[in-house]
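Trainee: The following block contains the structure, expressed as structure tokens.
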Amino acid sequence: MYRGTSNPLAATLYSAHEELENASEEERGTKVSAYRKILESSATNPQSKFLAVEWIAKYFKYFVNDSSVQEEAMNAYFDLVEDDNAPVRLKAIRGLPNICAGVPKVTGKIADVLT
């Protein structure tokens, strides 16, 4: 297992993050399967959601040319903004400016959803 964890979901999540982190800036947009693993983890346990909040926002800007991935990411992120777990929800809300800074064209959509 990854980083001393016996949780296979956490191992998959960290592996996906590592794949994206180790890719060059130009290559990150081609790592769709790794990003999708992070998106999928956003609907699991609170620990995985907490990591997903950070990593969805961090890598969002690399997938702007793939509208289906971008849409999946926005939906997953909005689900985290509305999560029942307050620390997850707060971290997601605090991460919204990072998404807007990375991809300014989504700012209007985010504003529409939040109003």
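The values are calculated or read from the model by the stated rules, or taken from the named source; none is laboratory data. Here the structure is a predicted model, which is why all the values come from computation and not from measurement. FYI the Cβ positions are ideal-geometry reconstructions off the backbone, even for glycines, and counts take in every protein chain you see.
Trainee: For the range 13-29, which residues satisfy the criterion of being assigned to a loop (DSSP other than H, G, I, E, B) and surrounded by 14 or more Cβ atoms within 10 Å (Cβ to Cβ)?
Mentor: 23
Trainee: How many residues does the range 17-30 hold that are in contact (Cβ under 8 Å) with a residue 12 or more places away in the chain and farther than 24 Å from residue 97 by Cβ?
Mentor: So the count comes out to 1.
Trainee: So, one more: Those residues that are free of Cβ contacts under 8 Å to residues at least 12 places away in the same chain and assigned to a helix (DSSP H, G or I), I need them from the range 75-104; list them, please.
Mentor: 75, 86, 89, 90, 94, 97, 100, 101, 104
Trainee: If you go through the range 36-51, how many residues are closer than 23 Å to residue 87 by Cβ and in a helix (DSSP H, G or I)?
Mentor: Adding up the residues that qualify gives 11.
Trainee: Suppose we keep only residues that are of a type in the set (D, E, K, R) and touching a Leu at 6+ places or on another chain (Cβ under 9 Å) within the range 60-114. Which one would you say is surrounded by the fewest Cβ atoms within 10 Å (Cβ to Cβ)?
Mentor: 89
Trainee: Another question, if that's okay. Out of 65, 7, 22, report the one residue that is polar (S, T, N, Q) and at pLDDT 95 or above.
Mentor: Going through 65, 7, 22 in turn, the sole match is 22.
Trainee: Next up: Give the residues of the range 52-74 that are over 19 Å from residue 97 (Cβ atoms) and in a helix (DSSP H, G or I), sorted by residue number.
Mentor: Correct list: 67, 68, 69, 71, 72.
Trainee: If you scan the range 43-62, which residues turn out to be hydroxyl-bearing (Ser, Thr, Tyr) and at pLDDT 90 or above?
Mentor: Passing the criteria: 48, 59, 62.
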